[in-house]
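Heads up, the thing below is written out as structure tokens.
The values are calculated or read from the model by the stated rules, or taken from the named source; none is laboratory data. Being a predicted model, the structure only gives us computed values, none of them experimental. Cβ placement follows ideal geometry from the backbone for every residue including glycine, while neighbour counts extend to all protein chains displayed. When the accessible area is computed, the model is the full protein with side chains, heavy atoms only, and any ligands, DNA or RNA have been set aside. Shrake-Rupley method; radii C 1.70, N 1.55, O 1.52, S 1.80 Å.
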Amino acid sequence: MINGLKKWRLFTLMTALIFFLAGCGREEISTLIPAGGVAQDQFNLLLLSSAVMLFVIIVVTIVYVLAITKFRRSKLGEEMIPEQVEGSTKLEFLWTAIPIVLIIIIAIPTVYQTFDLADTRTMDVEAEDGSMTNLTVNVIAKLYWWEFEYPEQGIVTAQELVVPTDQRVYFNVVSADVKHSFWIPSIGGKIDANPENTNTFYLTFNQESSELEDGVFYGKCAELCGPSHALMDFKVKTMNSNDFDQWVASMKEEQTPPSDALAQTGEELFGADGLGCIGCHAVSGVGAGNVMAGPNLATFGDRNRVAGILEHNEENLKAWIKEPQDFKPGNQMPDVKSLNGGQDVSEQDLDALAAYLMTLTVEQ
Ligand code: CUA
């Protein structure tokens with residue numbers, strides 16, 4: 001009976017472990033499946049230090065097991081006094097030297113990588129025509145969303161970072177309010193987003209995100225920043241440099257006004273004479289960062305989540321517009337009723353708003 005109970009407990013524990021460890025295997029969000037040069041370097045460091053630690057654990061375990069099995073008092077007798085090794089130069093030397101060697105093995109690549117991964121000297125290198133050689137993205141963290149400004153291209157996005165593969169992309173990371181932290185587990189990071197200074201680093205992206213199950217990599221806020229910290233996700237779309245140039249070009253094009261009547265009504269509601277959403281949300285991809293209070297919606301129809309966390313459909317969009325606090329407590333967006341002077345907004349109007357927002361797209 002007791003044996004059966006123990007087995008049952010072990011089984012439960014193993015099942016729980018499988019459940020928790022299952023999350024480690026998704027390539028769009030796993031540090032253990034690196035998809036960029038920086039992530040690969042960080043992963044190699046992780047493997048090296050784990051190997052060294054495993055070696056120490058194995059040696060210590062062997063010595064421990066030997067000690068408790070071979071040298072039992074019941075085996076060797078009460079009178080037995082083992083050989084005294086106090087002051088043995090040979091032993092003292094060995095157990096000082098071995099840890100030092102192990103620490104050196106870990107330290108050399110760690111220190112080298114720490115400086116190498118923070119090396120942003122080539123960030124401001126200009127080509128002969130005066131354009132920048134490398135892409136730079138300014139990341140602005142806000143409660144609880146992310147803004148991505150492309151200063152040289154003169155465009156701005158929110159919630160979805162779009163980057164070319166196989167080249168260094170430099171990031172200037174700041175916060176507009178409290179401390180956050182910018183992290184793309186599969187690609188590398190993380191780096192603090194502070195309100196008082198700009199942190200700079202680079203990443204490289206090796207894999208096109210269209211090959212992934214969700215079509216995007218996931219990014220996270222990695223610094224506790226408030227009640228919706230865990231919901232402060234962003235997505236990363238990676239594409240080859242041709243597709244990226246095309247994306248930049250279409251971001252600069254003017255949005256085609258909606259042709260369908262419902263979406264047209266939505267556009268009016270969105271505007272200054274309607275609910276005034278446009279006061280906080282730009283719908284053109286052209287612009288600078290940290291100007292508008294809310295996320296830029298130029299690519300809203302191309303996103304794969306509503307508010308960064310909900311499945312991308314009109315039902316969720318309407319629910320979000322109605323009660324943003326239900327989904328992301330503490331976020332800065334007012335509910336639609338307060339925008340309408342305290343009056344409830346009709347279902348038809350919400351339908352129209354949602355239909356309009358879904359037409360905001362730059363990808364074909
Ligand atoms: Cu932002 Cu946690």
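Grab the other residues whose beta carbon is less than 12 angstrom from that of Ala176, score K and R as +1, D and E as -1, and report the net. Intermediate results must be reported in sequence, preceding the final value.
Details: positive: Lys142, Lys179; negative: Glu147, Glu149, Asp177, Glu196.
Value of the local net charge: -2.
Need one number: % antiparallel among DSSP beta bridges in the chain, to the nearest 5. Write out the running numbers ahead of the final one.
Details: 29 of 41 bridges.
Percent antiparallel among DSSP bridges in the chain is about 70.
Which of the GluC sites (Glu not before Pro) found in segment 206-245 are loop residues per DSSP with 15 or fewer other Cβ atoms within 10 Å of their Cβ?
Working: sites: Glu208, Glu211, Glu213, Glu223; in loops: Glu208, Glu213, Glu223.
Passing both the DSSP loop test and the Cβ count: Glu213.
Per the Cauchy relation, a quarter of the hull surface: what is the mean projected area of the convex hull of the alpha carbons in segment 205-348, in nm²? Display every interim value, and only then the final one.
Details: hull surface 41.4 nm².
If you wrap the Cα atoms of segment 205-348 in a convex hull and average its projections, you get 10.3 nm².
How much of the accessible area of segment 261-358, in percent, comes from carbon and sulfur atoms when a 1.4 Å probe is used? Numbers along the way, then the final one.
Details: 2280 of 4580 Å².
That fraction is 50 percent.
Helix check for the chain. Which DSSP H runs span at least 18 Å along their own axis by Cα, with a mean Kyte-Doolittle hydropathy no less than 1.0? Walk me through the numbers before you get to the answer.
On the way: long enough: 2-21 (28 Å, 1.08); 37-70 (49 Å, 1.78); 89-117 (42 Å, 1.44).
Helices passing the filter in the chain: 2-21, 37-70, 89-117.
I'd like the FRET efficiency for Ala67 and Leu94, computed as 1/(1 + (r/R0)^6) with the beta carbon distance as r and R0 of 22 Å, rounded to 0.05.
Details: r = 17 Å, r/R0 = 0.77.
The calculated FRET efficiency here is 0.85.
Compute the semi-axes of the equivalent ellipsoid of segment 52-210, taking the square root of 5 times each eigenvalue of the Cα gyration tensor, and list them largest first in whole Å. Walk me through the numbers before you get to the answer.
Working: eigenvalues 612, 70, 42 Å².
Computed over segment 52-210, the values are 55, 19, 15 Å.
Points 7 angstrom from Cα along the Cβ direction at Arg121 and Val101: gap in nanometres?
Taking the two extended label points, one gets 3.5 nm.
Excluding Leu212 itself, what net charge comes from residues whose Cβ is under 11 Å from its Cβ, given Lys and Arg +1 and Asp and Glu -1? If you can, show how the numbers build up before the last one.
Values: positive: Arg26, Lys235, Lys237; negative: Glu27, Glu28, Glu208, Glu211, Glu213, Asp214.
In short, -3.
Choose one answer from Val59, Val162, Val125: the residue with the largest mean-square fluctuation in a GNM of the chain with alpha-carbon springs under 10 Å.
Val59
Tell me the Kirkwood hydrodynamic radius of segment 210-276 in angstroms, computed as one over the mean inverse distance between distinct C-alpha pairs. If you can, show how the numbers build up before the last one.
Numbers: mean 1/r = 0.0631 Å⁻¹.
This gives a value of 15.9 Å.
Let's see if you can work this out: charge +1 on each Lys and Arg Cβ, -1 on each Asp and Glu Cβ, no other charges. What is the dipole magnitude of the chain about its Cα centre, in debye to the nearest 20? If you can, show how the numbers build up before the last one.
Numbers: 24 positive and 48 negative charges, 517 e Å.
With only Lys, Arg, Asp and Glu charged at Cβ, the dipole is about 2480 debye.
Can you give the convex hull volume per residue for the Cα atoms of segment 138-285, as a whole number of Å³?
So the per-residue hull volume is 143 Å³.
For the chain, modelled as a Gaussian network with Cα springs under 10 Å, which listed residue fluctuates most, Ala158, Ala222, Ala97?
Ranking Ala158, Ala222, Ala97 by mean-square fluctuation puts Ala97 first.
Residues of segment 168-209 with backbone nitrogen within less than 12 Å of a virtual label 7 Å along the Cα-to-Cβ line of Gln40, please, listed as ranges.
From segment 168-209, the list is 204-207.
Starting from the Cα of Asp129, step 7 Å along the direction of its Cβ; do the same at Thr12; then give the gap between the two resulting points in nm.
The two pseudo-label positions are separated by 6.8 nm.
I want the local charge near Val336. Using Cβ-Cβ distances under 13 Å, sum +1 for each Lys or Arg and -1 for each Asp or Glu among the other residues. Display every interim value, and only then the final one.
Values: positive: Lys318, Lys322, Lys337; negative: Glu323, Asp326, Asp335, Asp344, Glu347, Asp349, Asp351.
My count for the surroundings of Val336 gives -4.
Once phi is turned into ³J(HN,Hα) by the Karplus curve 6.51 cos²θ - 1.76 cosθ + 1.60 with θ = phi - 60°, what whole-Hz value does each residue of segment 284-299 show in order, with x for glycine and proline?
With the stated coefficients, segment 284-299 comes to 10, x, 7, x, 10, x, 6, 9, 8, 6, x, x, 5, 10, 4, 10 Hz.
Within segment 85-104, find all residues whose amide N lies under 12 Å from a label point positioned 7 Å from the Cα of Ile58 along Cα-to-beta-carbon.
Residues passing the 12 Å test: none.
Give the cross-link partners of Lys328 among the lysines, using a straight C-alpha distance below 25 Å as the criterion and excluding same-chain residues fewer than 8 apart.
Straight-line reach from Lys328, under 25 Å: Lys142, Lys179, Lys190, Lys220, Lys235, Lys237, Lys318, Lys337.
Ratio of the chain's C-alpha Rg to 2.2 N^0.38 Å, to two decimals?
Working: Rg = 27.8 Å, N = 364, 2.2 N^0.38 = 20.7 Å.
For the chain, the normalised Cα radius of gyration comes out at 1.34.
What is the magnitude of the charge dipole of segment 231-364 about its Cα centre, with +1 placed on the Cβ of each Lys and Arg, -1 on the Cβ of each Asp and Glu, and no other charges, expressed in debye to the nearest 20?
Working: 9 positive and 21 negative charges, 105 e Å.
Around 500 debye, computed over segment 231-364.
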